[in-house]
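To keep things clear, I will list the structure first and then write my remarks on it.
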Amino acid sequence: MTARPGLARLTKVELRKMVDTRSGFWLQVAVLGLTVLAVVITVLAGHEDDKTFRHVLSNALQPAGILLPVVGILLVSSEWSQRTALISFALVPQRPRLIVAKLLAGTVLALVATAVALALAALATALAAGNAPHLWSLPLGLLGQDIVYVVTAMVIGIGFGLALQSSAPAIVLYFALPVALAALGSIHALKGVVEWTNSAEALEPLTTTVMSGHEWAQGLVALALWMGVPLTIGMWRLTRRDVG
Amino acid sequence: MIEAEKLTKRFGGRAVVDDVTFRCEPGTVTGFLGPNGAGKTTTMRMICGFATPDAGRAGVLGGSYRALPNPGRRVGVLLDASAQHGGRRGREALAISAQTMGVEEKRVDDLLGLVGLDRAAARKRVRQYSLGMRQRLGIANALIGEPEVLILDEPANGLDPEGMRWMRGLLRDFAERGGTVLLSSHLLHEVDAIADRLVIIGSGKIVAEGSKEELLSDAGTLVRADDGEALGRALAAAGLEAREAEGGGFLVDAEPRAVGVAAQEGGVALVHLAPAGDAGLEQLFFDLTTDNAAEGDR
């Protein structure tokens with residue numbers, strides 16, 4: 001009865017918190033709606049050769065890849081902007097435990113989103129009944145990359161929310177930083193650095209091609225940077241500073 | 001049981017909580033009284049592990065709050081009634097707290113009834129709640145885990161007189177069953193109506209502490225005369241410390257007998273001579289409020 005709440009229970013609570021607010025609910029509806037839209041447009045308007053499962057899936061994952069980080073940001077930053085941290089940390093005073101629960105909940109939601117995209121893409125591919133070669137082929141490596149793409153997008157969002165503890169700046173920075181980095185990349189001397197650090201660039205092949213060793217190296221460096229730096233800053237702020 | 005021992009917190013070099021020591025025993029309702037910015041909120045947040053003291057220590061139930069494995073089942077906390085997600089329904093807000101601490105969700109409905117939030121209110125988003133409704137939701141949230149200790153920051157803020165009476169009954173009942181209650185307020189009459197012990201804080205320091213009776217007996221003597229100037233001279237001549245009281249007359253730091261003798265020696269006819277009681281407490285509190293009026297909250 002007075003045992004510490006287990007991580008499984010805390011994860012369930014965090015999943016519930018992602019969908020039980022008005023903004024959270026509509027954000028999930030938006031992800032689902034846009035995924036359907038992406039799939040429909042691909043099979044209706046796409047080139048005949050593009051109506052393969054592999055290609056439809058790649059497009060189906062984009063809404064989740066773009067919007068789930070926002071879900072992740074809000075999952076953390078709303079604790080501060082809506083001031084629910086005063087309740088959450090009263091019930092779970094070991095603050096990093098609550099963040100671990102949020103990361104687990106985010107991962108579960110990302111996997112659900114990937115599964116939904118897979119199902120919708122399969123349905124659309126079947127209904128479109130195209131005759132492109134390799135209609136149903138999906139290399140296992142690519143499926144793995146798809147999962148990495150969606151899950152890491154969510155984790156990066158949670159990191160930004162945690163580092164900034166404020167919704168609007170976190171969302172703006174999350175979308176503006178890659179653009180700023182890309183601009184820097186146009187400077188010749190910085191091009192090499194940006195290739196390894198800009199998530200938008202380094203992770204671009206994740207959903208489209210089975211990545212080469214070099215591409216994996218660039219992707220992993222960018223991911224380590226984009227997940228590691230905000231999460232480290234965020235955890236440091238969380239444990240060192242007063243809450244509320 | 002709640003303990004604060006030499007608790008100190010500095011913000012930017014200024015001590016907002018300065019060497020604060022007090023204890024709340026089971027079976028009592030302690031009112032933590034002080035003007036806005038006196039350090040009440042910071043003290044309570046240190047007790048609940050939200051802020052780290054710069055010196056001293058705070059404890060609940062014999063240990064630190066953060067060491068409690070499932071704090072919601074031992075200590076009910078309401079640190080800010082407006083700290084709820086505006087887009088969440090009232091019932092849902094309680095349900096996620098219940099789930100976090102492993103309490104059956106059906107207790108949520110019992111509590112909604114207990115705090116007087118009906119079915120329609122429970123279905124509303126918290127954004128649409130009045131402050132009084134948020135306070136009731138916050139009290140319900142604090143009570144979900146059937147705790148032994150309640151820590152409530154400004155719980156009466158926004159409640160109407162009926163709500164105050166209700167809270168008084170609720171907290172008194174909680175204390176009679178052996179619970180410990182600490183509640184803060186910046187309004188004397190709120191604490192006066194609910195608490196049986198007072199801890200008064202001003203500018204981060206404890207200025208008075210004790211049962212209401214003890215504090216009232218220490219409050220001095222209120223004396224009035226038609227010729228106020230002559231009375232002032234008579235008191236000064238007798239070497240008694242006196243301050244002008246609100247509403248005329250003087251508040252004297254002495255027993256009524258000594259004040260009567262001083263007036264007789266000065267040849268002043270009195271129209272009022274009595275222990276200051278509530279007036280003294282109000283004066284003490286009024287002095288604190290005016291001293292601190294310029295300083296910010298927390």
Quick count over the stretch A:13-46, residues being at the interface with another protein chain (Cβ under 7 Å from one of its Cβ atoms), out of contact with any Lys or Arg (no Cβ under 9 Å at 6 or more places or on another chain) and in contact (Cβ under 8 Å) with a residue 24 or more places away in the chain, is 2
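Conditions (1) within 14 Å of chain B (Cβ to nearest Cβ); (2) in contact with a Pro (Cβ under 6 Å, 6 or more places away or on another chain); (3) buried (at least 22 other Cβ atoms within 10 Å of the Cβ); (4) touching a residue at least 12 places away in the same chain (Cβ under 8 Å), marked per residue:
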position: A:Glu48; (1), (2), (3), (4): no, no, no, yes
position: A:Thr52; (1), (2), (3), (4): no, no, yes, yes
position: A:Leu68; (1), (2), (3), (4): no, no, yes, yes
position: A:Ile73; (1), (2), (3), (4): no, no, yes, yes
position: A:Trp80; (1), (2), (3), (4): yes, no, no, yes
position: A:Leu104; (1), (2), (3), (4): no, no, no, yes
position: A:Val108; (1), (2), (3), (4): no, no, no, yes
position: A:Val112; (1), (2), (3), (4): no, no, no, no
position: A:Ala115; (1), (2), (3), (4): no, no, no, no
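The rows are residues; the columns are (1) touching a helix residue (DSSP H, G or I) at 6+ places or on another chain (Cβ under 8 Å); (2) buried (at least 18 other Cβ atoms within 10 Å of the Cβ).
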{"position": "B:Ala15", "(1), (2)": "no, no"}
{"position": "B:Asp19", "(1), (2)": "no, no"}
{"position": "B:Gly27", "(1), (2)": "yes, no"}
{"position": "B:Thr41", "(1), (2)": "no, yes"}
{"position": "B:Arg45", "(1), (2)": "no, yes"}
{"position": "B:Phe50", "(1), (2)": "yes, yes"}
{"position": "B:Leu68", "(1), (2)": "no, yes"}
{"position": "B:Val77", "(1), (2)": "yes, yes"}
Over the stretch A:180-206, the set of residues in contact (Cβ under 8 Å) with a residue 12 or more places away in the chain and surrounded by fewer than 23 Cβ atoms within 10 Å (Cβ to Cβ) is A:Leu181, A:Ala182, A:Gly185, A:Val194, A:Glu195, A:Trp196, A:Thr197, A:Ser199, A:Ala200, A:Glu201, A:Pro205
Would you confirm whether or not the stretch A:35-43 contains a residue that is at pLDDT 90 or above, surrounded by fewer than 14 Cβ atoms within 10 Å (Cβ to Cβ) and either assigned to a helix (DSSP H, G or I) or aromatic (Phe, Trp, Tyr) (or both)? yes
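Table: residues versus (1) part of a loop (DSSP other than H, G, I, E, B); (2) surrounded by 16 or more Cβ atoms within 10 Å (Cβ to Cβ).
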{"site": "B:Asn141", "(1), (2)": "no, yes"}
{"site": "B:Gly145", "(1), (2)": "yes, yes"}
{"site": "B:Leu150", "(1), (2)": "no, yes"}
{"site": "B:Glu154", "(1), (2)": "yes, yes"}
{"site": "B:Gly158", "(1), (2)": "yes, yes"}
{"site": "B:Arg165", "(1), (2)": "no, no"}
{"site": "B:Gly169", "(1), (2)": "no, no"}
{"site": "B:Phe174", "(1), (2)": "no, yes"}
{"site": "B:Leu183", "(1), (2)": "no, yes"}
Being away from chain B (no Cβ under 14 Å), in contact (Cβ under 8 Å) with a residue 12 or more places away in the chain and within 30 Å of A:Pro96 (Cα to Cα) is the requirement here; does A:Gly219 meet it? yes
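The values are calculated or read from the model by the stated rules, or taken from the named source; none is laboratory data. Quick caveat: nothing in here was measured; it's all calculated off a predicted structure. Quick reminder, even Gly has a Cβ in these numbers, built from the backbone with ideal geometry, and neighbours come from all protein chains shown.
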